[in-house]
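What follows is calculated from the coordinates using simple rules that are stated; it is not laboratory data. Predicted model, so just to flag it, every value in this text is computed and none were measured. In this analysis, Cβ positions are derived from the backbone assuming ideal geometry, glycine residues included, and neighbour counts consider all displayed protein chains.
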Amino acid sequence: MRIISKLQGGIAGLLASVALAGAGAASAEGVTLEYWVYSDFAAGDALALQQQFIAEFVAKHPGVKINITGKGDDDLTAGEIAGAASNTLPDVFMNGLNVGAQLASVGALSNIYDKWMAMPESFRAQFNADAIKSCTPKPDKMYCLPYTGFGSLLFRNLTVLQKAGVDTSKVPATWTEWFEQMKKVKAAGLYAMPDTTMVFNSVAEIYGTTGDASNWGIDWATHKTRIDPTVMTKVLQKFIDMVPLNSGTSRNDQATKDLFIANQLAFHVVGPWVDPTYKQAAEKNGLKYDFQLVPGDTPDKHGGIKSYEIVGVSPGPHRDLAWEFATYITAKEQMGRWATLLARYNGNAAAMADPKVASQLLITKSVEAVKYAVDVQPPYFVGTVPSCYLATVVDIAAATADGKYTAAAGAKEMISQLNTCLAE
Amino acid sequence: MHLRRHLPHYLMIAPFMLLFAIFFLFPILSGFYYSFNDWNAVQPAKFVGLANYQKIIASRDFARSMWNLGTYIVITVPLGILVALGLALLVDNFTGRWAHVFRGAYFLPVVLPSFLAATIWRWIYAPNFGLLNMMLGWFGMPSVNFLNNTGSMIYCLIAVDVWASAGFNMIILLAGLKNIPTELYEAARLDGASKWQQIIHITIPMLGPVLFFVVTYGLISAMQVFDKPWLLTGSSFTTYGGRGNALLFPVMDMMGRGFGAVKFGEAAAYGFLLTLAIVMVTALMFVLRSWSDRR
């Protein structure tokens with residue numbers, strides 16, 4: 001009797017397994033996943049590798065089709081918000097952490113917490129813990145998997161520094177040493193830095209040289225800024241000191257890159273995405289440059305910012321398959337190949353530690369930079385940072401550099417205006 | 001009987017009316033409805049009455065964008081038309097190949113993609129080594145950070161806009177100039193009228209309807225200015241308007257409220273305030289024109 005019962009149970013289990021497998025295959029059969037990526041990931045070698053990932057995934061999921069579409073930053077955001085409103089969201093898509101709150105508020109992002117927890121520990125352990133924390137605003141809410149990322153680096157034009165009599169073998173270890181080198185560059189009739197008060201990210205990069213994660217970002221519970229007035233006073237003083245030394249162009253301007261390539265600009269604090277341009281200039285025009293960690297106030301501290309592009313899954317009918325695809329493209333093997341191709345840091349720590357990937361200097365420096373850098377607009381997925389917040393930081397930093405405020409008065413005014421902005 | 005007689009006509013315009021209703025009327029009416037609601041495009045709309053309108057009108061950004069818009073319109077529309085008229089008169093004097101060359105050259109900025117035009121102008125305005133600052137340097141003048149100086153930013157935009165729009169207006173005005181009978185000029189010349197007198201007493205009055213179109217179109221376009229200030233300031237949905245919001249304009253603010261802050265009810269209200277302003281200005285233009293015709 002017991003044997004019959006066991007047999008019955010076994011047969012039932014077998015049938016259930018067959019049925020589930022069949023159902024799985026049936027649910028994937030004829031399914032088309034829409035996959036939106038950044039436009040530079042949908043061109044050239046990057047597209048070829050993305051298509052290879054897709055082909056590999058499809059080979060394991062017969063009958064599935066995946067359409068990849070490249071879009072610019074604002075187009076991704078607009079498309080994903082509009083898609084959420086009209087039920088035409090792509091199944092898997094990318095964007096930046098900084099718009100995570102907007103996407104979560106319109107329901108564009110599935111809460112993937114349960115799916116994430118259901119993944120084997122060997123998968124979950126692959127990712128950078130801070131990046132996963134950024135995707136997880138509450139213990140039971142997780143909205144993304146980290147994809148590519150960056151930590152700011154200090155790109156140095158070695159020719160300019162040599163012209164200025166700076167010993168290029170001596171990497172500045174502190175802000176004081178760095179500032180001394182900037183002054184030497186200026187004395188040689190060249191530009192030391194871009195204007196770091198022109199965009200929010202460059203203000204944040206310099207803030208990172210003095211401040212840290214504990215005094216940066218927004219406290220959404222009280223709707224107040226977490227910027228510390230003492231830290232901001234020191235940072236604003238740095239902007240005042242740098243006024244005579246800067247090129248007047250922003251960190252993001254093409255003109256800044258051109259000045260660097262033309263041996264007119266000594267330092268450029270920015271993400272690793274400028275490296276291909278500088279590398280090409282090195283090969284074609286003999287540009288001599290390197291990249292280092294951004295010096296902080298003390299030798300054990302470094303400045304700069306960090307952030308991640310994210311992969312989100314929409315709560316559509318194909319969310320299970322979409323999640324499977326998202327985990328496939330973000331897994332160690334794919335992220336390792338992706339990092340090797342682009343020489344870009346990403347959120348898969350296991351891939352970054354792979355010897356083949358870690359042999360790339362830009363990646364190892366980025367891995368180090370990310371450890372020290374402050375997040376751009378933390379915390380993510382909690383509240384939408386109002387435009388007045390970002391504008392106030394930039395406006396007061398620039399006004400202080402222009403002499404409208406002393407550093408202390410500027411910091412006080414900035415914090416007051418930021419709190420008013422958040423209260424509104 | 002009446003319906004039967006006109007049925008074919010109604011059927012003929014039905015496709016247009018249907019598409020108009022779907023793609024124009026419905027979005028306009030639904031936008032009007034949402035302007036009275038707190039709505040993030042996904043959650044059910046919550047009726048808030050006039051709160052969105054009140055919030056927008058009371059906001060600092062609205063006041064700033066309206067001030068910028070007023071300054072921009074007052075300068076860019078007349079200046080743009082003057083430059084276009086000057087170019088049209090110049091090109092009208094050329095014949096044959098040269099006419100084509102100049103017409104093509106002046107029209108080039110119109111067909112240039114905005115992002116390319118903005119990149120070129122960002123280079124021209126760049127501090128220290130930009131073309132404009134290099135020229136200032138020849139005269140011993142200090143470098144100006146044109147696109148980061150709240151006093152100069154709007155004039156930089158106006159220069160770009162006049163440069164970009166002059167070619168389009170020139171072509172329209174040129175077509176108007178070609179329609180002026182040459183006999184009028186011949187008669188004026190026989191009467192001893194100078195070139196200037198011919199322009200004032202013949203060209204401008206005869207261009208009246210064309211000028212009315214150019215001015216009205218220029219005003220409507222100016223009120224919707226978006227791409228050039230957006231690109232010149234390197235704006236995105238989360239940060240826009242440039243330093244001190246010196247290049248913040250209504251459509252930019254509306255986009256930011258919509259896709260940056262995900263407040264589509266507010267964005268819809270903003271759109272209707274702007275539409276109302278455009279309708280009022282256009283109506284005023286027609287009233288002025290009919291008043292001028294009656295005189």
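Here are a few things to note about the model shown:
- For peptide B:140-148, the mean count of partner chain Cβ atoms within 10 Å of a residue's Cβ comes to 3.
- The order of B:264, B:129, going from fewest to most other C-beta atoms within 10 Å of their C-beta, is B:129, B:264.
- FRET efficiency, residue A:284 to residue A:40 (Cβ-Cβ, R0 22 Å, nearest 0.05): 0.60
- Label-point gap, in nm, between residue B:23 and residue B:293 - each point 7 angstrom along Cα→Cβ: 3.1 nm
- Under the shape rule built on the C-alpha gyration tensor, where the axes satisfy a ≥ b ≥ c, the stretch B:58-294 is oblate, since a/c reaches at least 1.5 while a/b does not exceed b/c.
- Per-residue mean of C-beta atoms belonging to partner chains within 10 Å, peptide B:230-240: 5
- Each stretch of four or more DSSP H residues adds -39500 (n - 2.57); spread over every residue of chain B, this sum gives -22500 deg cm²/dmol at 222 nm.
- Its Kirkwood hydrodynamic radius, worked out from the mean inverse distance over all distinct Cα pairs, puts the stretch A:133-237 at 16.7 Å.
- Count of lysine pairs in the stretch A:292-399 with Cα separation under 13 Å (8 or more residues apart, or interchain): 4
- Among B:200, B:73, the ranking by other beta carbons within 10 Å of each residue's beta carbon, starting with the fewest, stands as B:200, B:73.
- In terms of surrounding Cβ atoms within a 10 Å radius of their Cβ, B:92, A:40, A:395, A:167 rank from fewest to most as A:167, A:40, B:92, A:395.
- Extension gain, residue B:46 to residue B:33, is 3.6 nm, computed as 0.36 nm per intervening residue step minus the present C-alpha separation.
- The GNM of chain B, with springs linking C-alpha atoms under 10 angstrom apart, assigns the highest mean-square fluctuation among B:11, B:284, B:25 to B:11.
- For the segment A:383-395, counting C-beta atoms of other chains within 10 Å of every residue's C-beta and taking the mean gives 5.
- Efficiency of FRET from Cβ geometry, residue B:97 and residue A:169, R₀ 56 Å, rounded to 0.05: 0.35
- Between A:119, A:414, A:193, the Gaussian network model of chain A with springs among Cα atoms under 10 angstrom shows the greatest mean-square fluctuation at A:119.
- Among B:178, B:195, B:55, the largest mean-square fluctuation in a Gaussian network model of chain B (Cα springs under 10 Å) belongs to B:195.
- Inter-site label distance for residue A:243 and residue B:204 at 7 Å from Cα along Cβ, in nm: 4.6 nm
- Take every pair of alpha-carbon atoms less than 8 Å apart whose residues are at least six positions apart; their mean separation over the length of chain B yields a relative contact order of 28 percent.
- Charge sum, other residues only, whose C-beta stays under 14 Å from residue A:55's C-beta, Lys/Arg counted +1 and Asp/Glu -1: +2
- Inter-probe distance in nm under a simple model that places probes 7 Å from Cα toward Cβ, at residue B:105 and residue B:150: 4.1 nm
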